[in-house]
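To start, the structure under review is shown below, and the notes come after it.
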Amino acid sequence: MTEHQKDTHASPTSRIQMTGSNKSGLYHLQHLPLFLSRQEPEFAAIFEAVDALPIDDTHCHVITDQDAITTPKRYLERISLAGMPMAAYFPKGVYTEWLNGDEARRHDLNRMYDIQGKVDAVTGDISQGIFIKFLVKELAQFLGCEATLDAVIEARNDRGKNYWAYVNSLFCDVNYENIMLETGYHEDRGGEAIARFEEAIVPCRSNRISRIEEIQREFFHLDISFDEFEERYIKRLHETLDGNGNFGKKSYGMKSYLLPFIGLIRPLHDRNPAKVSWEALRSSFSKLPDMDRESAAEITKDLRRYTFTLALEECLKRDMPMQIHAGDGEAPDVVLRNQDPFFLEEVVRFDRDNMMRMPKIIPLHAGYPSVGKAAWLSHLYPNCYFELSIMTPHVHQNLYQRYMQVMEVVPLSKILFASDAYHIPELYWLAGRWGKRYLAKALTDYVVGGSLSVEEAIEAAKMILYKNNRKVYGLDE
């Protein structure tokens, strides 16, 4: 046997020893015996190196303490995209009243709206998803309990007695170093909750992203002229991007939720249609609650296009990225067919005076399920990046194939790791755990196929997991 053949047939353990050791990588390998036995021999060495790397999460949300102690059904509802819009299935305020009501009030509301029946149906289906079955097995390992949902929630509730220490342990286990925290979704808890979360995850650093819609909400309901609105809106943009206008801190970029509501986004620099839209909104306040979602969005369409364009101009001046919601869903509040990544092409170009000005654009959620479209948009336009959230972690084992699909066409220097974690801290943990595992598996395929050397594969993982994010946002190493 030649020296090369000896190396090729080395055991996974010996390959790990060749690359050095790290506690995190060895610990996680010890908990992957079946998975490891089914991989190419090169996987063990690549996985150990990848698992030891830090993570930057380029799109994620605040975790509050309201889920410190939970129940299996409530946990399923809070972690699932299908369960997230539960309140939207009932008249406004009804679901919150039911959650917080006493037994008599809950009984009355159940009789009127069958709330418990709907919750049971949704969470029952969620519990039968492979995502949840896999999550239970993974968390049972981490928590040291039986691999059932009831046992996991019991063990988790025990950790929840010191919830922020538990959250910190999840972050440390997968080695988060930076998050780009989008502050527009905070469940009405505000700056205090955001600051508490940021304190809990130290030494991971939090860098805030401001949401356009959060600023709009400050003004859209006011009975003021369009001129005054425009002046105040631009001032708030400056405070948010240059000062401490993002709940007391600066912003490193912005995020827009416009695409799900209007579909194709054409930037609007002409303030006159926006002014007409502003006046239409003023005269429609009483009608909005009874309008369907598309009719309501049509009233403010030009106004929102204009405010989006103003914000993107400010980002362009500062070389700051604009994150834009694409793919994903959150039905029934939004229109799913509007979220095609190709509907962002005019934004990516950002033409004016016969010139493509090309600001930094980050379509979110991997464009999922239109992953190929989002990847191709990022391939064609140098200022458009590809971000991996939502499908990481929700696609679980199929992440390997999705990562292969992305890396088919998107340069390694433009792929950004992200989770879109919300509500439940385990989403951060699962994204890191599964993201590293299946990224290592995909990169191993490229090594075995001869496309990458081991060294190139590890460098690719470094770019995707943290280097690209720091470069795009200008963060210190």
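The values are calculated or read from the model by the stated rules, or taken from the named source; none is laboratory data. Given the structure is predicted, the values throughout are model-derived calculations rather than measurements. Don't worry about glycine lacking a Cβ; one is built from the backbone with ideal geometry, like all the others, and counts go over all protein chains shown. All accessible areas refer to the heavy atoms of the entire protein, side chains included, with ligands and DNA or RNA removed. Shrake-Rupley method; radii C 1.70, N 1.55, O 1.52, S 1.80 Å.
So if we plug the beta-carbon distance of Asn354 and Lys133 into 1/(1 + (r/R0)^6) with R0 = 51 Å, what FRET efficiency do we get, rounded to 0.05?
For R0 = 51 Å, the calculated efficiency reads 0.40.
Largest first, what is the accessible-area ranking of Cys172, Cys384 with a 1.4 Å probe?
Greatest to least solvent exposure: Cys172, Cys384.
If the chain between Glu298 and Arg232 were fully stretched, how many nm would it gain, using 0.36 nm times the residue separation less the Cα-Cα distance? Walk me through the intermediate numbers first.
Working: separation 66, 0.36 × 66 = 23.76 nm, distance 2.34 nm.
Taking Glu298 through Arg232 to full extension adds about 21.4 nm, to one decimal.
Please go through the residue pairs Lys360/Lys467; Lys161/Lys462; Lys255/Lys467; Lys92/Lys373 and name each one whose alpha carbons sit more than 24 Å apart in this structure.
Result: Lys161/Lys462; Lys92/Lys373 exceed 24 Å.
Using alpha-carbon pairs under 8 Å, 6+ residues apart, how would you state the relative contact order of the chain in percent?
RCO, the chain: 18 percent.
List the relative contact order of the stretch 120-233 as a percent without decimals, with contacts defined as Cα pairs under 8 Å and 6+ residues apart.
Contact order relative to length: 18 percent.
Which Cα, out of Ala460, Ser286, Leu76, lies furthest along the positive dipole direction of the chain (beta carbon charges, K/R +1, D/E -1)?
In the chain, that residue is Ala460.
Can you tell me the length gained on complete extension of the stretch Asp65 to Val409, counting 0.36 nm per residue apart and subtracting the Cα distance?
119.8 nm
What's log10 of I(q)/I(0) for the stretch 40-112 at q = 0.12, 0.17, 0.19 Å⁻¹, Debye sum over Cα points only, no solvent?
-0.58, -0.84, -0.97
Please sort through the DSSP H helices of the chain and keep those with an alpha-carbon extent of at least 20 Å along the long axis and a Kyte-Doolittle average not below -1.0.
Values: long enough: 226-242 (24 Å, -1.26); 301-318 (26 Å, -0.68); 426-448 (32 Å, -0.09).
Those that clear 20 Å and a mean of -1.0 are 301-318, 426-448.
Using a 7 Å offset from the Cα along the Cα-to-Cβ direction at both Asn157 and Asn110, what is the distance between the two label points in nm, to one decimal?
Between Asn157 and Asn110, the label points sit 1.8 nm apart.
Treating only the Cα positions of the stretch 85-169 as identical point scatterers, give the base-10 log of I(q)/I(0) from the Debye formula at each q in 0.11, 0.18 Å⁻¹.
Listed by q, the Debye log ratios stand at -0.46, -0.92.
Per residue, how much accessible area does the chain show when a 1.4 Å probe rolls over the protein heavy atoms, in square angstrom?
Here the per-residue accessible area is 43 Å².
Over the stretch 124-248, what percent of the accessible surface lies on carbon and sulfur atoms, probe 1.4 Å?
With neighbouring chains kept in place, the figure for the stretch 124-248 is 48 percent.
Leaving out same-chain residues fewer than 8 places away, which aspartates and glutamates sit with a Cα under 13 Å from that of Lys235?
Once the sequence-local aspartates and glutamates are set aside, what remains near Lys235 is Glu218, Asp227, Glu314.
Could you bin all the Cα-Cα distances of the chain into 20 Å bins starting at 0 and give me the percent of pairs in each, rounded to whole numbers?
The distribution over the chain is 23, 54, 21, 2, 0, given as percents.
Using 1/(1 + (r/R0)^6) with R0 = 51 angstrom and r between the beta carbons of Arg337 and Asp102, what's the FRET efficiency to the nearest 0.05?
Values: r = 41 Å, r/R0 = 0.81.
Efficiency, rounded to the nearest 0.05: 0.80.
Between Cys172 and Asp290, what is the FRET efficiency for a Förster distance of 45 Å, r being their Cβ-Cβ separation, to the nearest 0.05?
Computed FRET efficiency for Cys172 and Asp290 comes out at 0.35.
Can you sort Glu313, Glu231 by solvent-accessible area, 1.4 Å probe, largest first?
Glu231, Glu313
Which one, Asn398, Cys384, Phe417, is farthest towards the positive end of the dipole of the stretch 352-418 when Lys and Arg carry +1 and Asp and Glu -1 on their Cβ?
So the residue we want is Cys384.
Give me the extension gain from Ser451 to Leu264: residue separation times 0.36 nm, minus the current Cα-Cα distance, reported in nm with one decimal.
Result for the pair: 63.6 nm of gain on full extension.
In the stretch 417-467, carbon and sulfur make up what percent of the accessible area (probe 1.4 Å)?
51
Sort Thr444, Thr71 from largest to smallest accessible area, using a 1.4 Å probe on the heavy atoms of the protein chains.
On the way: Thr444 5, Thr71 70 Å².
Ranked list, largest accessible area first: Thr71, Thr444.
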